[in-house]
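Chemist: Let me give you the structure first, and then I'll get to my questions.
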Amino acid sequence: MRYITSNAEDRIPVETQLLMWYLFDTMNEEKDYLQIFDLKVSNGKQLVCHHQKQPQWSEEVFLLTDNPITEKVYIITENGNETMLLAEDY
């Protein structure tokens, strides 16, 4: 099952949420239980920096959106469930 905290759902635009789930799903590396997404604004675009610590891996993607934001987001996998949450909610 997939979940998103109410705080993350309220503050992250839907298109950015969908992109992060897509990046999570299409990773061609062994996944750590903790996926990290640093959302930054770069030249008016949404920069999504996706990485993990074990094994070390990263990628960056730009998203054209009317509402770029700056946040740190996690997707945590535990007991077969995946939860998207803001770092401040961890």
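The values are calculated or read from the model by the stated rules, or taken from the named source; none is laboratory data. All figures in this text were calculated on a predicted structure; none of them were measured in a lab. Because the Cβ atoms are built from the backbone with ideal geometry, glycine has one as well, and the counts that use them run over all protein chains shown. Heads up: the accessible areas ignore ligands, DNA and RNA and are worked out on the full protein's heavy atoms, side chains in. Shrake-Rupley method; radii C 1.70, N 1.55, O 1.52, S 1.80 Å.
Chemist: When the accessible area of the chain is split by element with a 1.4 Å probe, what percent falls to carbon and sulfur?
Modeler: C and S atoms contribute 46 percent here.
Chemist: Using a Cα-Cα cut-off of under 14 Å, which aspartates and glutamates could be cross-linked to residue 40, ignoring same-chain neighbours fewer than 8 residues away?
Modeler: Straight-distance partners of residue 40: 59, 60, 66, 71.
Chemist: Give me the accessible area per residue for the stretch 39-90, probe 1.4 Å, as a whole number in Å².
Modeler: 62 Å²
Chemist: Roughly speaking, what is the centre-to-centre gap between the stretch 17-47 and the stretch 65-90 when only Cα atoms are used, to the nearest Å?
Modeler: Each part reduced to its Cα centre gives a spacing of 9 Å.
Chemist: Using the charge dipole of the chain (Lys, Arg: +1 at Cβ; Asp, Glu: -1 at Cβ; taken about the Cα centre), state which of 39, 83, 24 has its Cα farthest towards the positive end.
Modeler: Positive-most Cα among the choices belongs to 39.
Chemist: OK, next. Calculated from DSSP H runs of 4 or more alone, at -39500 (n - 2.57) each and per residue, what is the 222 nm mean residue ellipticity of the chain, nearest 500?
Modeler: -5500 deg cm²/dmol
Chemist: Placing unit charges on C-beta atoms (Lys and Arg positive, Asp and Glu negative, everything else neutral), compute the dipole magnitude of the chain about its Cα centre in debye, rounded to 20.
Modeler: 140 debye
Chemist: Sticking with this one: For the pair residue 76 and residue 11, how long in nm is the line joining their label points, each one 7 Å along Cα→Cβ?
Modeler: Roughly 1.5 nm, to one decimal.
Chemist: So what's the angle, to the nearest 10 degrees on a 0 to 90 scale, between helix 14-25 and the longest Cα principal axis of the chain?
Modeler: The angle comes out near 40 degrees.
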